[in-house]
Amino acid sequence: MIDLHIHTTNSDGEFCVTDILEKAESKGLNIISITDHNNINAYDEINDISVRKLYSGKIVIGVELEFVYKGRLFDMLGYGIDLEVMKKSEIIKEGYVHSTVEGQSEILDKLKHVCDELGLKYSLDLKIVKPNHMANDVLVDDILKYSDNKEILSSMNIVDRSSFYRKHFCEPSSPFYVDQTVGKKDIFYVTSLIHDAGGLCFLAHPFVYNLPNIKETLDEIVSLDIIDGIECAHRKHTEEQIDFLIDYCNKHNLKKSGGSDFHIDSHYLGYANKGNYAIDGDLVKDWVKVYLV
């Protein structure tokens, strides 16, 4: 089993690097990649011999970079990157702190105001306490705790962090929408950066974006001839969606990848389809060997 999409406390994950390595070791994962958002600090820690010894498997050096395409925020996974080249880039220099307490506090205040208007209960002492604490996660974790909110949240199809983030926080038609595209790089910037660093570009989790026509968007992006592959297996992808993406990659001569997009314990490290689909190393066997460390 493998997992090429994992987050740590260096971006918005809840576990530090040593925790992740220990979890990957205990689950017997053969290959992993830590892919923090706009951040590669994890690999400075992994260079410590005592830390690297915690995990006996292989590692693909990775990162997840945000980009804007046609007014929507997407993510690109970069694998096999040269860390020294990547560290010189503007997006990584800014990403060493994925989010500030001040910035996320402002967003949290806006989300609380929406809760007030909708009649949703939240903790009065709710606040951002440290960098990389994302307001959307902090808010939804809190409001889900209150039984009084159940009816409203159910009607809005808010059941967890992901459903809130994609269907509301990133969705212009939702009262919880916050425009996150301002100041973000475009697809050409992030793909050029990854390629200049000697890496491969994989469009992350296509079915997570709630696109009106997934194939049309994939066709458009692939026609740009700037990506190398697609993340086919993902925690939020159904088996039918995974099969569709694998078939799409095969037809378009694209490389395939897969990962849980692990942030918290309930994210099924090493599995896609909400823990029902073990991500097998065969998915990446045609490209991964030269990038293993």
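Quick notes on this structure:
- Single unsatisfied condition, residue 268 versus (1) farther than 15 Å from residue 205 by Cα; (2) at pLDDT 95 or above; (3) not aliphatic (A, V, I, L, M): (2)
- When residues in the stretch 141-174 are screened for being out of contact with any helix residue (DSSP H, G or I) (no Cβ under 9 Å at 6 or more places or on another chain), under 16 Å from residue 120 (Cα atoms) and assigned to a helix (DSSP H, G or I), 7 of them pass.
- Subset of the stretch 2-56 that is among the small types (Gly, Ala, Ser) and over 16 Å from the mean Cα position of the chain (by Cα) - its residue that is surrounded by the fewest Cβ atoms within 10 Å (Cβ to Cβ): 50
- Among residues of the stretch 32-58 being not in a loop (DSSP other than H, G, I, E, B) and not aliphatic (A, V, I, L, M), the one that is farthest from residue 267 (Cα to Cα) is 50.
- Within the stretch 199-243, the set of residues being modelled with pLDDT under 95 and hydrophobic (A, V, I, L, M, F, W, C) comprises 208, 211.
- Unmet requirement for residue 179, which otherwise passes all of (1) among the charged types (D, E, K, R); (2) at pLDDT below 95; (3) under 17 Å from the mean Cα position of the chain (by Cα): (3)
- For beta carbons closer than 8 Å, sequence separation of 6+ or different chains, a first residue in the stretch 212-234 that is over 16 Å from residue 70 (Cα atoms) and a second that is in a loop (DSSP other than H, G, I, E, B) and among the charged types (D, E, K, R), the qualifying pairs are 234/261.
- Of all the criteria given as (1) closer than 28 Å to residue 282 by Cα; (2) touching an Asp or Glu at 6+ places or on another chain (Cβ under 8 Å); (3) in contact (Cβ under 8 Å) with a residue 40 or more places away in the chain; (4) not in a loop (DSSP other than H, G, I, E, B), the one not satisfied by residue 29 is (4).
- Among the residues making up the stretch 128-140, those that are part of a loop (DSSP other than H, G, I, E, B) and surrounded by 15 or more Cβ atoms within 10 Å (Cβ to Cβ) are 128, 131, 132, 133, 134.
- Any hit, the stretch 162-176, residues being loosely packed, with under 15 Cβ neighbours inside 10 Å, at pLDDT 95 or above and farther than 30 Å from residue 47 by Cα: yes
- Neighbours by Cβ (under 8 Å, 6+ apart or cross-chain): first from the stretch 32-43, assigned by TED's automatic domain parsing to the domain that holds residue 280; second modelled with pLDDT under 95 and part of a strand (DSSP E or B): 37/66; 38/66
- Members of the stretch 249-288 found to be in contact with a helix residue (DSSP H, G or I) (Cβ under 9 Å, 6 or more places away or on another chain) and of a type in the set (Ser, Thr, Tyr), listed by number: 257, 260, 266, 268, 277
- Only one entry of 176, 188, 164, 202 meets the criterion of being closer than 27 Å to residue 14 by Cα, of a type in the set (A, V, I, L, M, F, W, C) and in the same structural domain as residue 8 (by TED's automatic domain parsing), and that entry is 202.
- Number of positions in the stretch 278-293 that are out of contact with any Lys or Arg (no Cβ under 6 Å at 6 or more places or on another chain) and crowded, with 19+ Cβ neighbours inside 10 Å: 4
- Listed by first and then second residue, the pairs linking a residue in the stretch 238-252 that is under 14 Å from residue 208 (Cα atoms) to a residue that is aromatic (Phe, Trp, Tyr) and part of a loop (DSSP other than H, G, I, E, B), with Cβ atoms under 7 Å apart and 6 or more places separating them unless they lie on different chains, form an empty list.
- Residue list for the stretch 181-224, restricted to those being of a type in the set (S, T, N, Q) and either assigned to a helix (DSSP H, G or I) or buried (at least 21 other Cβ atoms within 10 Å of the Cβ) (or both): 191, 192, 217, 223
The values are calculated or read from the model by the stated rules, or taken from the named source; none is laboratory data. In this text, all values refer to a predicted model and were calculated from it rather than measured experimentally. A quick note on method: Cβ atoms are made from the backbone with ideal geometry, for glycine too, and the neighbour counts reach across all protein chains shown.
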